[in-house]
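The values are calculated or read from the model by the stated rules, or taken from the named source; none is laboratory data. From a predicted model like this one, the values you see are computed outputs, not experimental measurements. In this analysis, Cβ positions are derived from the backbone assuming ideal geometry, glycine residues included, and neighbour counts consider all displayed protein chains. Just so you know, the surface numbers come from the protein's heavy atoms only, side chains and all, with ligands and any DNA or RNA stripped out. Shrake-Rupley method; radii C 1.70, N 1.55, O 1.52, S 1.80 Å.
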Amino acid sequence: MSKAALGNHWVGKIYFYPQADDPKATPLEYTNDVDSMMTKLKEMIGTNEMIEEVQAYKGALSGLQLTKEILYHMFLVFRTAEWYWTIEKHQDGITIQRSKSLAAVRDRWRLKDRISGIERMKSDEGKLCVYNLIHWIFQKNELDKTYHLRFSNCQHFASAAFNHVALKKTI
């Protein structure tokens, strides 16, 4: 296994792209300073931006991968009244993106095109607001959970987040 697959690249940060459709965007980076991040988020997004729909997606881990049946990258897309968002775990941290354009977050990650062939796995209505979802990351100590290919990866994170946000369905 590579060093990244075992968590050697994990820095325990949230990378937030509030304008993911801007090619010159730079992320806001947050560590375990909960108060600082939650204060900034209150200013940027408020505390009542309800998640209307949540969708789980999967995609290939590399362009050489032939199937996504067992090994795949998993992430969430959610829609609010004003924005489309993604949230996902990678080898270095958790990325949150926001855009007025679905394609800017679903089809791209950190301003780069995703590997083609992403598939929607499941969708449901949302039951809480974006602010509460981000606060959940801190409550569950997700930034302290070093990435590990087998024990703490994107699928574990996205499944837990989906189950927390979804009104009726679970993964």
Q: For D124, state whether it is under 15 Å from the mean Cα position of the chain (by Cα), farther than 24 Å from M37 by Cα and open to solvent by less than 60 Å² (accessible area, probe 1.4 Å).
A: no
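Considering the stretch 56-88 alone, what residues qualify as being polar (S, T, N, Q) and open to solvent by less than 20 Å² (accessible area, probe 1.4 Å)?
Going through the stretch 56-88, the residues polar (S, T, N, Q) turn out to be 62, 65, 67, 80, 86.
Scanning the stretch 56-88 gives T80, T86.
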Q) Residues in the stretch 5-27: is at least one more than 14 Å from I134 (Cβ to Cβ) and surrounded by 20 or more Cβ atoms within 10 Å (Cβ to Cβ)? A) yes
Q: Please specify each residue of the stretch 110-148 satisfying the condition of being among the hydrophobic types (A, V, I, L, M, F, W, C) and farther than 20 Å from Y15 by Cβ.
A: M121, L128, C129
Q. How many residues are assigned to a loop (DSSP other than H, G, I, E, B) and either in contact with a strand residue (DSSP E or B) (Cβ under 8 Å, 6 or more places away or on another chain) or farther than 24 Å from R120 by Cα (or both) if we restrict to the stretch 134-171?
A. 10
Q. Within the stretch 48-68, restricting attention to residues that are in a strand (DSSP E or B) and more than 14 Å from the chain's Cα centre (by Cα), which residue is nearest to M38 (Cα to Cα)?
A. M50
Q. With respect to the numbered conditions (1) open to solvent by less than 70 Å² (accessible area, probe 1.4 Å); (2) at pLDDT 95 or above, which one is the sole condition not fulfilled by I45?
A. (2)
Q: Hey, can you tell me all the residues within the stretch 44-87 that are closer than 18 Å to L128 by Cα and of a type in the set (D, E, K, R)?
A: E49, E52, E53, R79, E82
(Q) Name the single residue that is surrounded by the fewest Cβ atoms within 10 Å (Cβ to Cβ) among those in the stretch 92-117 being within 15 Å of the chain's Cα centre (by Cα) and part of a loop (DSSP other than H, G, I, E, B). (A) R110
Q: Could you give me the residue pairs with C-beta distances under 7 Å whose first residue belongs to the stretch 142-159 and is β-branched (V, I, T), whose second residue is modelled with pLDDT under 95 and crowded, with 19+ Cβ neighbours inside 10 Å wherever it lies, and which are 6+ apart or on separate chains?
A: T146/W10
